[in-house]
Structures are given as C-alpha cells and as structure tokens.
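Worksheet: the structure to be examined is printed underneath.
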Amino acid sequence: MVFLDRRDAGRRLSKKLQKYKEQRVLVLGLPRGGVVVADEIAKALGADLDVLVARKIGAPQNPELAIGAVTVDGAVLLEETILSFMNVPDHYISAQAQRQKKEIERQLQEYRGKAEPQSFAGRTLIIVDDGVATGMTMKAALKSVAADTPAKLVLALPVAPQDTTKQLTRLVDELVILHTPEPFYSVGQWYAQFEQVSDEQVLEILRPHMRRYSRTE
C-alpha cells in the first residue's frame with residue numbers, strides 16, 4: 001500500500017503541482033476514480049474542474065486487457081502490438097467501439113447536463129486519473145485534448161508501471177507521477193481503500209463546477 005485512498009493521492013499530487021497555482025489551469029479528471037483525485041488537485045490549486053471521458057475496448061474473454069480505446073469525439077485508438085498476437089475479428093472491435101461511444105455519450109450527459117464544454121485553447125490542462133496500467137485509455141484521452149491546442153498539457157498520476165510511464169511521457173509536456181513500482185499488477189493494489197466510485201459520487205463533485213459552466217435557458 002502507498003495511498004490511503006484517492007483523496008490522499010490527490011493531496012499528495014497537489015504538492016507536486018503548486019507551481020501551477022494562480023495560473024489559468026483546467027483540471028480534467030477521468031471518470032470515475034480520477035475525478036476524486038482531480039477534485040483534491042483543483043481545490044489545492046484554486047482551478048476549474050471538468051471531466052474528460054475516454055473508454056477502453058477490452059479483449060474477448062478478457063475485458064480487463066485493453067486492445068483499444070475510444071475518445072470523446074468517437075475516434076478509435078487500437079493497441080496494434082497486442083492485436084498482432086490475437087486473432088480479434090473486425091466485427092468485435094467495431095461492435096465494442098460503438099458500445100463504448102454510447103457509454104461516453106451517456107456519461108457526458110449524466111455528468112455535464114447543460115454545461116458547456118470548456119475551451120482548452122491557450123490553457124494549461126492537468127489530466128488526472130487514479131492510476132493507469134496499460135495506459136490505453138489515457139492515451140486516447142490525451143489524444144482527444146491535444147488537438148485543441150492547449151498552452152501546456154500536464155499528466156498527473158499517483159501510480160503507473162515504468163513501461164507505461166515511458167510511453168505516456170512522450171505524449172505530454174510534463175508528467176507528474178508519485179510511484180512507478182515493479183512488478184505492477186493493478187492500480188488498486190497500491191491503495192488501502194479502492195472502492196468503486198459511483199456516478200452519483202462523480203456528480204456530487206462536479207455539480208458546483210457544472211453550474212458555473214451551464215447554458216442559460
């Protein structure tokens with residue numbers, strides 16, 4: 001165990017991100033657990049908080065193994081290295097991609113309601129999750145925001161394996177990570193408390209921010 005819970009991880013990350021305090025920062029948490037971590041960072045920096053959704057495509061018979069991911073704009077990113085060793089039919093990937101696109105739409109509607117999407121252009125974006133394993137979903141998330149020309153793209157993670165960390169470093173301007181253990185089996189093994197986060201908990205965190213971003217009728 002390294003972290004007590006997600007909020008403990010967020011507070012520890014916040015100490016490494018103090019140079020961004022008072023800057024034009026937008027903190028983006030990946031649901032669901034990443035939003036809890038991101039909430040602590042946004043509070044510590046006095047920053048805006050929003051949600052960034054990307055969804056993993058799991059392998060047949062092993063849904064925890066990521067063979068691809070879907071971005072918020074519907075683009076599909078595939079893990080070609082893994083796919084080269086697996087005989088995954090195209091129709092499976094297509095069906096799973098459509099399923100994850102629908103789930104992204106559902107989550108965005110659930111979390112954001114009438115809130116306007118935040119502009120990323122010219123802002124420092126701090127992307128946050130509670131940890132990554134293969135990094136496939138995070139790669140998709142980073143790809144989706146990089147096209148909007150943020151001033152700086154920062155990735156903040158409590159824990160990730162070393163090989164994944166090397167891959168993610170190339171996709172951002174700065175990577176802030178607290179723990180890169182080897183061997184690495186799962187994100188949850190590094191938390192004393194790692195209960196599943198519900199949509200209701202995410203909504204409770206985001207609601208004050210979404211009110212500020214909401215359209216007027």
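Each reported figure results from applying straightforward, stated rules to the coordinates on display, with no laboratory input. Everything numeric here is computed off the predicted structure, so don't read it as measured data. Heads up, the Cβs are rebuilt from the backbone with ideal geometry, glycines too, and the neighbour counts pull from every protein chain shown.
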* **Read-out Cα extents along the principal axes in Å, derived from the coordinates shown; its label in [x] 59, 40, 31; [y] 43, 38, 38; [z] 50, 45, 32** => [z]
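Among DSSP bridges having both ends in the stretch 18-76, what percentage is antiparallel? Round to the nearest 5.
60 percent
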* Across the stretch 95-100, in residue order, what do the Karplus-derived ³J(HN,Hα) couplings come to in whole Hz, using 6.51 cos²θ - 1.76 cosθ + 1.60 with θ = phi - 60° and x for Gly and Pro? -> 5, 5, 5, 5, 4, 6
* Lys/Arg Cβ at +1, Asp/Glu Cβ at -1, dipole of the stretch 57-106 taken about the Cα centre: which of Tyr92, Leu65, Thr81 is farthest positive-ward? -> Tyr92
* Asked: Just in the stretch 54-139: which trypsin sites (Lys or Arg not before Pro) are loop by DSSP and have at most 15 other Cβ atoms within 10 Å?
  -> Lys114
* **Rg(Cα) / (2.2 N^0.38 Å) computed for the stretch 57-106, rounded to two decimals** => 1.07
* Structure fact -> Going residue by residue through the stretch 67-72, the Karplus relation 6.51 cos²θ - 1.76 cosθ + 1.60 with θ = phi - 60° gives ³J(HN,Hα) values, rounded to whole Hz and with x marking Gly or Pro, of 10, x, 7, 10, 8, 5
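For the chain, what is the calculated [θ] at 222 nm in deg cm²/dmol (nearest 500), taking -39500 (n - 2.57) for each run of four or more DSSP H residues and dividing by its residue count?
Numbers: 7 runs with 85 residues, N = 217.
Value at 222 nm, helices only, nearest 500: -12000 deg cm²/dmol.
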* Asked: In terms of modelled amide H atoms, which long-range or inter-chain residues lie less than 5 Å from the amide H of Arg123?
  -> Ala151, Lys152
* Output ³J(HN,Hα) for the stretch 130-139: one whole-Hz value per residue in order, computed from phi by the Karplus curve 6.51 cos²θ - 1.76 cosθ + 1.60 with θ = phi - 60°, and x for Gly and Pro. => 7, x, 9, 10, 7, x, 5, 5, 5, 4
